[in-house]
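The values are calculated or read from the model by the stated rules, or taken from the named source; none is laboratory data. The shown structure was predicted, so the numbers you read here are calculated from the model rather than taken from an experiment. Heads up, the Cβs are rebuilt from the backbone with ideal geometry, glycines too, and the neighbour counts pull from every protein chain shown. The accessibility values were calculated without ligands, DNA or RNA, using every heavy atom of the protein model including side chains. Shrake-Rupley method; radii C 1.70, N 1.55, O 1.52, S 1.80 Å.
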Amino acid sequence: MVETGTTEAGRQATAALATPEGAPAIELKGISKAFGTVQANKDISIRVMPGTIHGIIGENGAGKSTLMSILYGFYKADAGEIWIKGRHTPIPDSEAAIKAGIGMVFQHFKLVQNFTVLENIILGVEDGALLRPSLAKARKELKRLAEEYELNVDPDETIEELSVGHQQRVEILKALYRQADILILDEPTGVLTPAEADHLFRILDNLRREGKTIILITHKLREIMEITDTVSVMRRGEMTATVKTAETSPEQLAELMVGRKVLLNVTKTKAEPGRTVLEVENLSVKDEDGVERLKGIDLTIRAGEILGIAGVAGNGQSELLEVLGGFATGTGTIRINGEEIDLTGKHSDGQSRRRRGIAHVPEDRHRLGLILDFTAWENMVFGYHADPAYQKNSFVMDNAGIVSHTAEAMERFDVRPPIPTLPAKSFSGGNQQKIVLAREIERNPDLLLVGQPTRGVDIGAIEFIHKRLVELRDQGAAILLVSVELDEIRSLSDRVAVMFDGRIMGHGPVESATQTGMGCLMAGLGGDDVRGMDGWTISDEAAPEETD
Amino acid sequence: MEKTPKWVDVALIPVLNLLIAFVISGIVVLLIGEDPVKAIKVMVSGALGSPYGWGYTLYYSTNFIFTGLAVAVAYHASQFNIGGEGQATLGGLGVALVLLAVPWPHWTIALVAAMFGGALFGAAWAAIPAWLQAKRGSHIVITTIMFNFIGASVLNYMLVNVLRPPRSMDPATARFPAATHLPTFHDIPLVGQFFSKSVPANVSFFIAILACWLVWILIWRTKLGFEIRAFGRSEPAARYAGISPVKIVMAAMLISGGLAGLMAINNVMGEAHRLVLNSVEGAGFIGIAVALMGRNHPFGVFLAALLFGFLYQGGGELALETTIPRELITVIQALVILFTGAFDNMLRAPIESFFVARANARKEA
């Protein structure tokens, strides 16, 4: 046991206040919250029984995160009550939430980047003025949790060195370390690979078995179906339904979410590849520490086809996009339309890449793709702002022209609200992504680099984005698609390449790709499952599968 | 979504903040045993009560506009240029060298050349910290502060050993030729009749206003300004867009240093008519406060510079006419910065929610 005197006392108090028989772990009664005139939550009531996983599903901007922020004490509800374990428990701040046994794992992690895992874990719950005893205790507890829940993280690594999946584990560990028995996870799998997501679900399952209560916010139907016991659907700030998961279907949930039937599969014709647009030979990239992130990549993409790069996040996909997009350096050869590109340039080369017809929808639209404080119209030309079409004369830009161009593009891409002067940060995730996409697609690029096009995007927008990508392909663009969503890779790509540890483990046509075969390649393994895939070229680096 | 009316945001809140700062300043005056009402009277009449007072107020404001703009431009690229003092010092050196080197036939030509010299020297002084930041990652705050001290020493050396006229005991340059003296407000037709001959405010004031307008164009209308703002908001995104960090840091800092250096056309060329030690008198540092209060917008900088010009001149009068020490003006300046900058959200939140609630109530009615 690791807790201090105070948390021990708190624990006993919690024990004394054990949930009365039959009382829900969490009950929200008539919660309402408005931001200005926008009603983010309207009279919302839910009951979550202890030892269950409750899913909350809804499109971006439906009010899921607002509701959870109220439960965690970040926002104050305008009306309504929060009951925890059968008791009316006002939660004015997150301290009160933690005291009530609520732990939250945010979509955007709240970790100190240059602290170690251990330091982040004890942050705010240190035992005294000296750190050493707290750190030692945390180390022991961490080891226990790691073994119990498969939550392996190196306690002495700094956060910035960790992959996103590992950072999320730290967040979960933080909550568990604080004795949380109600865990809220906000879009936890948005940043995870399928394997990591499976791992997370195993963890959640273990937690449920131990009697912990979990609220899972997501917009992925499959996850809801896979892990939850009950599910609530939110739409435009209202709770439209709460059902038992066993008694519903993905189709029904999707309909409740968007209020109309959605197409989950992409309809596309067979690709008709033309001339070679992109040739990459022996491309290698080293990071700041001199570690090789890309180890001799070879690939080609032809006009009119989509090459999907599958793989667990952090195996070199980001570096591939960065070096192709012109803001990382590397060695090797890249040819676009047969013309070689300089890779050694010390400075950012994004502008000349764009002039050569390479467009790039980056993986992280908040960090790279958009300037959140800039207006929509400023973002609509971001990266292309030097284009002569946007200049009024040789001194000043044609702002008025850009605004009207943006208004048209927003209309075409169904960006809501279609107001060019609104700052990017006031759009929902899906609409932000549409702005980026509009900017990159509208110029009919020869090559489009797309990273995680539908991460954190609602179903309606996913469908729209997928359709646009296929349209662009049909117009003869070459598309490099990087995604950790295997479903997305499978439904959009014409050919698939699987990356592992900075190398392409294998590539081939999407039709013959099997789920297990791709899974093996993503883990760097060869073997029968892989060899069984027709038309696939497998790297010698793929280790033969262990026989047992 | 309902928003607060714009006038509340740009006028009401700053004015209320200022009033609070002044009220607290009044309490401080009371505490040191003086009459705050009299203090205000002295300050207002000293700074604004006569053309003479205005002549000084606007002279100081001119300095602060230049240094305030300098800080603002760098700030848009997220570079905190603390080196306005040193850059203005070197700008003075540039102006003096230009004016002493050539027998200029007319002040207009001399002014153009002096502006070039001042801006060039100021920019050069900013270039070294900028380069260190862009290429080596040395923090711009540290290096620009150090360059203030080095700049003061350079000026000292140049005045004592190089520029001091033979047999002069004074560490200062020779006086500039009369043909290079800028017209003061007294010399300007129509306006001139209101100003007595001795006011220091001069045509540089109009150059400063022009600079405000040009900075506005630069930041919000040009490609370079777009890139500066983009880089200032998000360096990773700027790199993604193909904007070179080195280029932006250098460009923003060179413009910033150039603006600070331009100040010398006012204090050196326009007023002192020679270069003396410590000619900048802290205007470089006040520029930081001016930019902060003016929210790094050229128009805001202009208004804030007027206010600080008033405080500077009024404070001088205060020290002359009462027993209130001159240092009190620093206290008042600090309070103004505190309330308009640091404590801004204190008033903003309740006022904004008041106006939003009112707008909603109206809508429902």
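Odds and ends about this structure:
- Residue check, A:LEU299 out of contact with any Pro (no Cβ under 9 Å at 6 or more places or on another chain) and either of a type outside the set (S, T, N, Q) or closer than 17 Å to A:LEU449 by Cβ (or both): yes
- Residue in segment A:505-543 that is nearest to A:ARG293 (Cα to Cα), counting only those that are among the β-branched types (Val, Ile, Thr) and touching a helix residue (DSSP H, G or I) at 6+ places or on another chain (Cβ under 9 Å): A:ILE538
- Among the residues listed as A:LYS42, A:LYS99, the single one being closer than 12 Å to A:MET234 by Cβ, surrounded by fewer than 20 Cβ atoms within 10 Å (Cβ to Cβ) and more than 14 Å from chain B (Cβ to nearest Cβ): A:LYS42
- Of all residues making up segment B:330-357, the number that are of a type in the set (Gly, Ala, Ser), more than 14 Å from every other protein chain (Cβ to nearest Cβ) and more than 18 Å from the chain's Cα centre (by Cα): 1
- Looking only at residues in segment A:414-423 that are surrounded by fewer than 23 Cβ atoms within 10 Å (Cβ to Cβ) and of a type outside the set (S, T, N, Q), the one that is farthest from the other protein chains (Cβ to nearest Cβ) is A:ASP414.
- Here A:SER426 meets each of (1) within 30 Å of A:LYS64 (Cα to Cα); (2) away from chain B (no Cβ under 11 Å) with one exception, condition (2).
- Selection from segment B:5-38 of residues that are open to solvent by 50 Å² or more (accessible area, probe 1.4 Å), of a type outside the set (A, V, I, L, M, F, W, C) and more than 14 Å from B:MET346 (Cα to Cα): B:LYS6, B:GLY33, B:ASP35, B:LYS38
- Residue ranges of strands (runs of 3 or more DSSP E) in segment A:460-542 with at least 3 members open to solvent by 30 Å² or more (accessible area, probe 1.4 Å) and under 21 Å from A:LEU278 (Cα atoms): A:503-509
- Residues within segment B:212-237 that are farther than 30 Å from A:HIS366 by Cβ and either polar (S, T, N, Q) or crowded, with 21+ Cβ neighbours inside 10 Å (or both), tallied: 1
- When residues of segment A:211-222 are limited to those that are open to solvent by 10 Å² or more (accessible area, probe 1.4 Å) and modelled with pLDDT under 85, the one nearest to A:LEU67 (Cα to Cα): A:HIS219
- Qualifying positions in segment A:152-172 - under 22 Å from A:PRO194 (Cβ atoms) and out of contact with any strand residue (DSSP E or B) (no Cβ under 8 Å at 6 or more places or on another chain): A:ASN152, A:VAL153, A:LEU162, A:SER163, A:VAL164, A:GLY165, A:HIS166, A:GLN167, A:ARG169, A:VAL170
- Residues being modelled with pLDDT of 90 or more and touching a helix residue (DSSP H, G or I) at 6+ places or on another chain (Cβ under 7 Å) - total across segment A:53-70: 3
- Of the candidates A:ILE102, A:ILE91, A:ILE121, the single residue that is over 25 Å from the mean Cα position of the chain (by Cα) and not acidic (Asp, Glu) is A:ILE91.
- Odd one out for B:GLU2, checked against (1) open to solvent by less than 60 Å² (accessible area, probe 1.4 Å); (2) away from chain A (no Cβ under 14 Å); (3) modelled with pLDDT under 90: (2)
- Within segment A:154-185, the set of residues being touching a residue at least 40 places away in the same chain (Cβ under 8 Å), open to solvent by 10 Å² or more (accessible area, probe 1.4 Å) and within 14 Å of the chain's Cα centre (by Cα) comprises A:SER163, A:VAL164, A:GLN167.
- Elements of type helices (runs of 4 or more DSSP H) in segment A:316-413, at least 1 residues being open to solvent by less than 50 Å² (accessible area, probe 1.4 Å) and away from chain B (no Cβ under 13 Å): A:317-325, A:376-380, A:399-412
Let's see how each residue does on (1) among the hydrophobic types (A, V, I, L, M, F, W, C); (2) farther than 21 Å from A:PRO445 by Cα:
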{"site": "A:ILE371", "(1), (2)": "yes, yes"}
{"site": "A:ALA389", "(1), (2)": "yes, no"}
{"site": "A:SER404", "(1), (2)": "no, yes"}
{"site": "A:ARG416", "(1), (2)": "no, yes"}
{"site": "A:ILE419", "(1), (2)": "yes, yes"}
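- For segment B:195-204, taking the residues that are of a type outside the set (Val, Ile, Thr) and in contact with a Phe, Trp or Tyr (Cβ under 8 Å, 6 or more places away or on another chain), the one that is nearest to the other protein chains (Cβ to nearest Cβ) is identified as B:ASN202.
- Test: residue in segment B:345-361 that is among the acidic types (Asp, Glu), out of contact with any Lys or Arg (no Cβ under 9 Å at 6 or more places or on another chain) and surrounded by fewer than 21 Cβ atoms within 10 Å (Cβ to Cβ): no
- Hey, B:LEU318 over 16 Å from B:PHE285 (Cα atoms) and either in contact with a Phe, Trp or Tyr (Cβ under 6 Å, 6 or more places away or on another chain) or part of a helix (DSSP H, G or I) (or both) or not: yes
- Out of B:PHE299, B:PHE339, B:PHE308, sole residue that is of a type in the set (Phe, Trp, Tyr), open to solvent by 50 Å² or more (accessible area, probe 1.4 Å) and in a helix (DSSP H, G or I): B:PHE299
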